[in-house]
Amino acid sequence: MGLIQEDPSISKADMVENGKLSKKTVEYNIEVLKKKGFLKRVGGAKGGHWEVNQ
């Protein structure tokens, strides 16, 4: 969640590039964090941002 905390408007593609992870890994981790209530997407893909709940 470090990349999201640094830039809440980061896209999944940027996470893949900057985090040196596969697209599948990024998508899986986001889904797990969303299901556990730690992460929420507010707004759309182009104008939205991530909210981290701790």
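Hand me the trypsin sites (Lys or Arg not before Pro) from the chain located in a DSSP loop with no more than 14 other Cβ atoms within 10 Å, in residue order please.
LYS20, LYS36, LYS46
Using modelled amide H (1.01 Å from N, peptide plane; none on Pro or chain starts), what sits under 5 Å from the amide H of ILE10, excluding residues fewer than 5 places away?
For ILE10, the qualifying residues are TRP50.
From the backbone phi of the range 47-53, what are the Karplus-calculated ³J(HN,Hα) couplings (6.51 cos²θ - 1.76 cosθ + 1.60, θ = phi - 60°) in whole Hz, Gly and Pro given as x?
x, x, 8, 9, 10, 9, 9
Can you pull out the chymotrypsin sites (Phe, Trp or Tyr not before Pro) in the chain whose DSSP state is coil and whose Cβ has at most 15 other Cβ atoms within 10 Å?
Passing sites in the chain are PHE38.
Coordinate-derived values only; no laboratory data. Since the structure is predicted, the reported quantities are computational estimates derived from the model, not experimental observations. Note: ideal-geometry Cβ built from the backbone for every residue, glycine included; neighbour counts use all protein chains shown.
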